[in-house]
Amino acid sequence: MMMNNQTFDLHVHSTASDGIYSPQDIIEIAVSSKLAAVAITDHDNIDGYFKALPSAQEKGIQLFAGVELNTDAYDTEVDILGYFWNPDDQLFLDMLKDRQENRIVRAKKIVAELNAIGLEISYDRVRKIAHGSICRPHIIEAMVEKKYISDQKEAFEKYLGFGKPAFVPHDQVTPKQAIQYILQAGGLPIVAHPGLVGNDQVVEKLLQDGAKGLEAYYPMHTEEEIAKYIGLASRYDAVVSCGSDSHGPKRKKSFPIGSTQAPIEVLEAFQIKLKEVYKSKEGHLQ
Ligand SMILES: [Zn+2]
C-alpha cells in the first residue's frame with residue numbers, strides 16, 4: 001500500500017455516543033498524531049462535531065461533521081456513515097433526535113430482557129453512564145459494574161449479540177432509507193466497513209440504492225478487500241474513505257485514531273464528492 005506522511009481518519013466515535021474520548025480529546029489526539037483531517041461520526045448524533053469545532057479551528061485541523069446510522073438488514077448489521085459539508089438540515093437533525101428516542105426505547109427493552117433472565121441492571125444507571133446517544137456499551141458498563149460479565153466481548157457472546165437472550169434489533173430504518181435521509185440533507189452516504197457486512201452483493205445493492213462511497217480502508221480489512229472495494233466503488237462512480245472506527249480504549253472496536261492509512265488523494269476525492277452532494281442539494285455553494 002502507498003504510504004504518505006500525513007494521514008486522516010474519517011470514522012471516530014466520541015462520548016456523544018459510545019466512544020471513550022470527548023470530542024475535544026479527539027482533536028488533541030488527531031493533532032498530536034499529525035492527521036490531515038478527522039471526522040467525528042457518532043451513532044445518531046452530530047453533537048460531537050459542534051463540541052469539537054472550536055478546538056479544531058484553534059488547532060488548525062480539518063474537522064468533518066459525520067454521523068453513523070446503524071440498521072439491521074439482510075440478516076446482518078449494515079452501517080451507513082453520513083458526512084456533511086454543512087450540517088444544518090432541520091429535517092435531518094429531527095430524524096437524529098427521533099432515532100435517539102428510539103435508542104432509549106431499545107435500551108429499556110434490553111434492560112427488561114436482562115432483568116427477565118435475572119441480571120439486575122437498572123435503566124437509570126445506564127442513562128447516567130451515557131453522555132449522549134444510549135448504546136449497548138453503556139448497558140455493558142452497567143453489567144460490568146455488577147460483575148455479571150468482564151468485558152464487551154463476553155456481553156455480546158452471552159447476552160446482547162444477534163440471536164442471544166437480550167438481543168433487541170435497531171429501529172426499523174432500512175439501509176436504503178438511511179441513505180436517502182443523508183442524501184436529502186445534502187450529505188454524503190458511505191457504507192461503513194463493507195468487509196464486515198459479510199456479503200458483497202448487499203454492498204453492491206447499497207451503491208445501487210444511492211450510497212456514494214465505501215469505507216475501503218478499515219483496520220479489519222485485508223489488502224485484497226481494500227483493493228476489491230476500491231474497484232467496486234469506481235464502477236459506481238463512488239468514492240472510498242478511510243476510518244479507524246475508534247471508540248477508545250477498552251471498547252470492542254478500539255483501534256487507535258489514525259491507525260488506518262490511505263493515500264492523501266483519497267481525502268481529496270472525498271472532499272470533492274462532499275461538496276458535490278451539498279451543491280446538488282442547495283443549487284449553489286458559498
Ligand atoms: Zn462506527
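Rule-based calculations on the coordinates, nothing more; no lab input. Fair warning: this is a prediction, and the values are worked out from it, not measured in the lab. Note that we place each Cβ from the backbone using ideal geometry, even for glycine, and neighbour counts take in every protein chain shown.
For Thr7, the residues 5 or more places off, or on other chains, whose built amide H falls under 5 Å of its own are Ala36. Here's how it looks for Ala65: its modeled amide H is under 5 Å from those of Phe84, which are all 5 or more places away or on a different chain.
Applying D = kT/(6 pi eta Rh) to the stretch 98-160, where Rh is the Kirkwood radius over alpha-carbon pairs, T corresponds to 20 °C and eta to 1.002 mPa s, the Stokes-Einstein value obtained is 185 µm²/s.
Sorting 131-137, 60-66 by average packing, meaning the other beta carbons within 10 Å per residue, from highest down gives 131-137, 60-66. The packing ranking, built from the mean of other Cβ atoms within 10 Å per residue, places the peptides 85-91, 207-213, 103-109 in the order 207-213, 103-109, 85-91, highest first.
Applied to the stretch 223-237, the Karplus parametrisation 6.51 cos²θ - 1.76 cosθ + 1.60 on θ = phi - 60° returns per-residue 3J(HN,Hα) values of 4, 5, 5, 4, 4, 4, 6, 5, x, 5, 4, 5, 5, 10, 6 Hz, with x for Gly and Pro. The stretch between Ser234 and Ser280, if pulled fully straight at 0.36 nm per residue, gains 14.5 nm over its current Cα-Cα span.
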